[in-house]
1. State the number of residues belonging to the stretch 106-146 that are over 20 Å from the mean Cα position of the chain (by Cα) and either under 11 Å from A74 (Cα atoms) or of a type in the set (A, V, I, L, M) (or both).
2. When you scan the stretch 32-46, do you find a residue that is over 19 Å from S196 (Cα atoms), at pLDDT 95 or above and polar (S, T, N, Q), even just one?
3. Considering only residues that are part of a helix (DSSP H, G or I) and either basic (K, R) or under 24 Å from S196 (Cα atoms) (or both), which ones fall in the stretch 53-104?
4. Considering only the stretch 134-152, state which residues are under 17 Å from Q100 (Cα atoms) and surrounded by fewer than 24 Cβ atoms within 10 Å (Cβ to Cβ).
5. Residues to consider are A113, A117, A53, A32; find the one that is surrounded by 16 or more Cβ atoms within 10 Å (Cβ to Cβ) and of a type outside the set (S, T, N, Q).
6. Against the definition (at pLDDT 95 or above and at positive phi), how does G81 come out, yes or no?
7. Restricting the search to the stretch 39-52, which residues are outside any helix (DSSP H, G or I) and out of contact with any strand residue (DSSP E or B) (no Cβ under 8 Å at 6 or more places or on another chain)?
8. Check the stretch 239-247 and report whether any residue there is within 22 Å of S62 (Cα to Cα) and in contact with a strand residue (DSSP E or B) (Cβ under 9 Å, 6 or more places away or on another chain).
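The values are calculated or read from the model by the stated rules, or taken from the named source; none is laboratory data. Bear in mind that the values here come from a model prediction, so they are computed numbers and not experimental data. We place every Cβ from the backbone using ideal geometry, glycine too, and count neighbours over all the protein chains shown.
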Amino acid sequence: MSTELDLSSLATEQINPASVDFDRLPTEQMLAIINSEDKKVALAVERELPRIAAAVDAIFESLSIGGRLFYTGAGTSGRLGVLDASECPPTFNVPPEMIQGMIAGGDYALRNAVEGAEDSFAHGSAELEVAGFTKDDILCGIAASGRTPYVMGSIDFAKHVGAKTIGLACVPDSAIGKVVDFPIEPFPGPEVVTGSTRMKAGTATKMVLNMLTTGALVRLGYVYSNLMINVQPKNDKLIDRAQRIIMAVARVDRHAASFAFESSGRDVRIASVMARLGVTRDEAMERLAAAGGRLRAVFGESV
């Protein structure tokens with residue numbers, strides 16, 4: 001005989017005393033409460049920085065040996081994982097398979113609620129297996145509540161093949177946190193609208209995901225100083241940005257940057273080396289290859 005699920009003890013399901021009678025407030029006062037509660041999110045993430053740093057280093061190590069980062073999640077958590085993964089190719093020019101997001105219910109769930117999909121432990125495991133997940137890859141399971149069965153299933157599979165696992169939850173002492181190698185548990189407190197983890201928990205999740213991929217890809221050399229040197233210049237805005245990056249890296253004017261940009265085949269890193277060192281495209285490519293693609297090494301700068 002099945003028992004009825006009771007999640008009332010979960011921190012994400014608690015009633016926030018700051019927003020009681022929220023529906024009776026004037027609009028500006030209502031928004032002030034949301035804003036006040038949102039201020040707690042960054043502090044919650046700050047408390048997890050040592051754990052986030054450990055996870056970034058683990059991701060860096062996996063990507064360094066040709067492994068991949070997989071995100072799995074359901075609902076808002078899954079959408080945020082897919083979002084972060086999809087933003088990495090245009091930002092860092094990494095192949096789309098390097099960082100992948102999987103959501104319970106598949107791509108349909110990105111635009112539509114598929115609430116029941118999160119309850120399947122087996123689907124979480126099976127979908128990771130179908131994706132060809134191996135011990136060289138690394139998994140980040142995302143679940144605001146810290147106990148989503150779909151995510152637990154994916155973690156179980158990852159551990160079974162011997163891969164490293166990260167668990168991102170927005171509650172303390174989560175079920176996911178107890179079974180992964182790298183638990184991350186920012187706890188911004190109960191939501192303004194009880195249980196609506198698209199709010200503070202969602203914001204905390206997005207902040208952490210930004211750190212995970214940005215930190216790992218910076219360590220891999222995809223950023224020089226604070227410049228997006230691997231940007232894909234596929235529209236007018238990005239072409240302008242690419243030329244300004246070359247100007248900053250190579251210390252040249254717009255004309256020289258534009259010439260190098262076109263001569264390089266519109267590759268910002270190659271163009272930066274060409275313009276700064278006064279070398280040909282082929283020589284710039286050789287120097288980058290010898291330096292593992294790292295501009296600081298090409299320029300003889302300390303890391």
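1. The total comes to 11.
2. Narrowing the stretch 32-46 to residues over 19 Å from S196 (Cα atoms): 43, 46.
Cutting the leftovers down to at pLDDT 95 or above gives us 43, 46.
If we keep only those that are polar (S, T, N, Q) too, we end up with none.
There is no residue in the stretch 32-46 that is over 19 Å from S196 (Cα atoms), at pLDDT 95 or above and polar (S, T, N, Q).
3. Result: G75, T76, S77, G78, R79, L80, G81, V82, L83, D84, A85.
4. Within the stretch 134-152, the first condition is being under 17 Å from Q100 (Cα atoms), and the residues that meet it are 134-143, 150-151.
Within the stretch 134-152, T134, K135, D136, D137 meet the criteria.
5. Details: A113 fails: surrounded by 16 or more Cβ atoms within 10 Å (Cβ to Cβ); A53 fails: surrounded by 16 or more Cβ atoms within 10 Å (Cβ to Cβ); A32 fails: surrounded by 16 or more Cβ atoms within 10 Å (Cβ to Cβ).
Only one candidate passes the filter, namely A117.
6. Details: at pLDDT 95 or above: yes; at positive phi: no.
Taking the combined requirement at face value, the residue does not satisfy it.
7. In the first step, residues of the stretch 39-52 are kept if they are outside any helix (DSSP H, G or I); the result is 47-48.
Within the stretch 39-52, just R47 meets the criteria.
8. Start the filter on the stretch 239-247 by keeping residues that are within 22 Å of S62 (Cα to Cα), which leaves none.
Checked against the condition, which is being within 22 Å of S62 (Cα to Cα) and in contact with a strand residue (DSSP E or B) (Cβ under 9 Å, 6 or more places away or on another chain), the stretch 239-247 yields no hits at all.
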